[in-house]
Amino acid sequence: MFQPVKIAPSILSADFMNLERDIRMIEQGGAGYVHVDVMDGHFVPNLTIGVPHVKQLKGITELPLDVHLMIANPLEQLPWFIQAGADMITVHEETLEGQWLERAIQMIHDGGAQACVALKPNTPVEVLAQSIAELDMVLVMSVEPGFSGQGYIEGSELKVAQVAQMAKDAGNDGLLIEVDGGIGVKTVERVCAAGADVIVCGNAVYAAEDPQAAIREIEALGNAARLKA
Ligand code: DX5
Ligand code: ZN
């Protein structure tokens, strides 16, 4: 059955002084998730928002909160984010060596959230071999994590296709593939044709003249590319 793509606008590109207005805007525009970029100034150079913001966001929106943890110590902090109301927790594979990745996935599921693992552009998909069967989502980074508004790294869609194949081989038919970084009208088709289900958009939505029209356009292009693939 055809599964339509979902758009996950990143509030990193929203107006923090008018955040509630900017959440309503994407709700009414048909967004599927709110993408929350948590950065700690260690794993990535930038520093953004944290647990109290997630808690307050939970209080004002029914959209699922897709919390992308770009932090050096996810095992310590992920329970706090789940308690604050995160529906989906993404941890970076690069921060979790060996059995700690499995441990993080277990902790996320025990906390009642959905588990996602993110891969930086130079991290090969093979690192997911042991865990892909347990995951709800894999996040393919199509920029180096840390900042919004960067250009899409050419060829990132090949990694999306590799994750899709790996999930199929592992029998995880329900696995979602999310792509994050530099996605907009020019790049959404190739990632959706390769198998992306969830599209993170920062600048392509919030810097657009009409953000709701941008969500609809990106979604329509993504769905058409999926149908053709
Ligand atoms: C980058 C973040 C992204 C970013 C996306 O580290 O994970 O979610 O905000 O922004 P755009 O869509 O502008 O690349
Ligand atoms: Zn992100």
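The values are calculated or read from the model by the stated rules, or taken from the named source; none is laboratory data. As the structure is a computational prediction, the values presented were derived from the model and not from experiment. Here Cβ is always computed from backbone atoms with ideal geometry, including for glycine, and neighbour counts include all displayed protein chains. Areas reflect the complete protein model, heavy atoms only, side chains present, ligands, DNA and RNA absent. Shrake-Rupley method; radii C 1.70, N 1.55, O 1.52, S 1.80 Å.
Which percentage, to the nearest 5, of the DSSP beta bridges contained in segment 6-228 is antiparallel? Before the final figure, lay out the partial values.
Working: 1 of 32 bridges.
Roughly 5 percent of the DSSP beta bridges within segment 6-228 come out antiparallel.
Can you give the accessible area of Phe2 in Å² (nearest 10), computed on protein heavy atoms with a 1.4 Å probe?
The value for Phe2 is about 90 Å².
Can you tell which of Gly85, Val179, Leu135 lies farthest toward the positive end of the dipole of the chain, using +1 and -1 charges on the Cβ of basic and acidic side chains (Lys, Arg; Asp, Glu)?
Val179
Could you give the accessible area per residue of the chain, probe 1.4 Å, as a whole number in Å²?
Details: 10270 Å² over 229 residues.
Per-residue value: 45 Å².
Alpha carbon centre of segment 149-222 versus segment 20-49: separation in Å?
Here the two parts' Cα centres lie 16 Å apart.
Would you work out which of Val205, Gly149, Leu12 lies farthest towards the positive end of the dipole of the chain? Charges go on Cβ: Lys and Arg +1, Asp and Glu -1.
Going by the Cα projections, it comes out as Val205.
Could you tell me the ratio Rg/Rh of the chain? Both radii from Cα atoms, Rh via Kirkwood. Could the numbers behind the result be given before it?
Values: Rg = 16.1 Å, Rh = 17.3 Å.
Result for the chain is an Rg/Rh of 0.93.
If I take every Cα pair under 8 Å that is 6 or more residues apart in segment 6-228, average their sequence separation and divide by the length, what percent do I get for the relative contact order?
Relative CO of segment 6-228 lands at 20 percent.
When a/c reaches 1.5 or more, the comparison of a/b and b/c decides; with that in mind, is segment 39-84 rounded, prolate or oblate per its Cα gyration tensor? Don't skip to the end; give the middle numbers.
Numbers: a/c = 2.43, a/b = 1.72, b/c = 1.41.
Prolate.
Can you send over the carbon and sulfur percentage of the accessible area for the chain, probe radius 1.4 Å, protein chains only? List each step's numbers first, then the result.
Details: 5160 of 10270 Å².
Its accessible area is 50 percent carbon and sulfur atoms.
Would you grab the residues whose amide H sits under 5 Å from the one on His92? Only those 5+ places off in sequence or on another chain, please, with H modelled 1.01 Å from N.
Ile71, Ala118
Checking understanding here: applying a Kyte-Doolittle mean of at least 1.0 and a length along the axis of at least 27 Å (C-alpha), which whole DSSP H helices in the chain pass? Walk me through the numbers on the way to the answer.
Details: long enough: none.
In the chain, no H run is both long and hydrophobic enough.
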